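Some notes on the structure that comes next.
The values are calculated or read from the model by the stated rules, or taken from the named source; none is laboratory data. Fair warning: this is a prediction, and the values are worked out from it, not measured in the lab. For neighbour counting, all protein chains shown are included, and Cβ atoms are generated from backbone atoms with ideal geometry for every residue, glycine included. Only protein heavy atoms, including side chains, enter the accessible area calculation; ligands, DNA and RNA are left aside. Shrake-Rupley method; radii C 1.70, N 1.55, O 1.52, S 1.80 Å.
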Amino acid sequence: MPNWCNNSVEITGSAETLEAMAAAAKEGKLLEYFAPIGEWDYGTAVDTWGTKWDVTCDDPYFDPDTNTLTLHFDSAWGPPTEAYPKAEEAPDVRNTAYYYE
């Protein structure tokens, strides 16, 4: 059983992109959305995402006035720091992430 890392991330971008991210987060596929790995493999997940499993956020908050998506979730063993830069490869996406172990 892993230790859990508490994460908060604020992502800015187009409404369309952020709504797709929010849907992926609710489905437990946020990191797969950021950095697809296809069929799960432990080593690939850790190398690509920085954590063992994908994450779920039951209550994403999208603020249409600022085009900001706020997510709070737990990740296994550590934060998904490897996935965040891949999310920013989209032309309009920027994020600020915080975590606590």
Within the range 50-97, residues in a strand (DSSP E or B) and charged (D, E, K, R) come out as Asp63, Asp74, Arg94
Is one or more of the residues making up the range 27-35 over 22 Å from Pro91 (Cα atoms), open to solvent by 100 Å² or more (accessible area, probe 1.4 Å), in a loop (DSSP other than H, G, I, E, B) and touching a Ser or Thr at 6+ places or on another chain (Cβ under 8 Å)?
yes
Residues Val46, Val55, Val93: which one is touching a helix residue (DSSP H, G or I) at 6+ places or on another chain (Cβ under 8 Å), of a type in the set (Val, Ile, Thr) and under 21 Å from Trp4 (Cβ atoms)?
Val55
Is it the case that the range 76-95 has a residue that's out of contact with any Phe, Trp or Tyr (no Cβ under 8 Å at 6 or more places or on another chain), among the hydrophobic types (A, V, I, L, M, F, W, C) and on the phi > 0 side of the Ramachandran plot?
yes
Set Thr48, Thr70, Thr66: member being surrounded by fewer than 12 Cβ atoms within 10 Å (Cβ to Cβ) and among the polar types (S, T, N, Q)
Thr66
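Hey, does the range 39-49 have a residue that's farther than 20 Å from Thr12 by Cα, assigned to a helix (DSSP H, G or I) and aliphatic (A, V, I, L, M)? Step through it out loud before you land on a result.
Within the range 39-49, the first condition is being farther than 20 Å from Thr12 by Cα, and the residues that meet it are 39-48.
Now restrict to residues that are assigned to a helix (DSSP H, G or I): 42-48.
After this cut, where a residue has to be aliphatic (A, V, I, L, M) as well, the list is 45-46.
Scanning the range 39-49, I find at least one residue that is farther than 20 Å from Thr12 by Cα, assigned to a helix (DSSP H, G or I) and aliphatic (A, V, I, L, M), so the answer is yes.
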I'd like to verify a number: residues in the range 51-63 that are among the polar types (S, T, N, Q) and either open to solvent by less than 40 Å² (accessible area, probe 1.4 Å) or closer than 16 Å to Ala87 by Cβ (or both), how many?
1
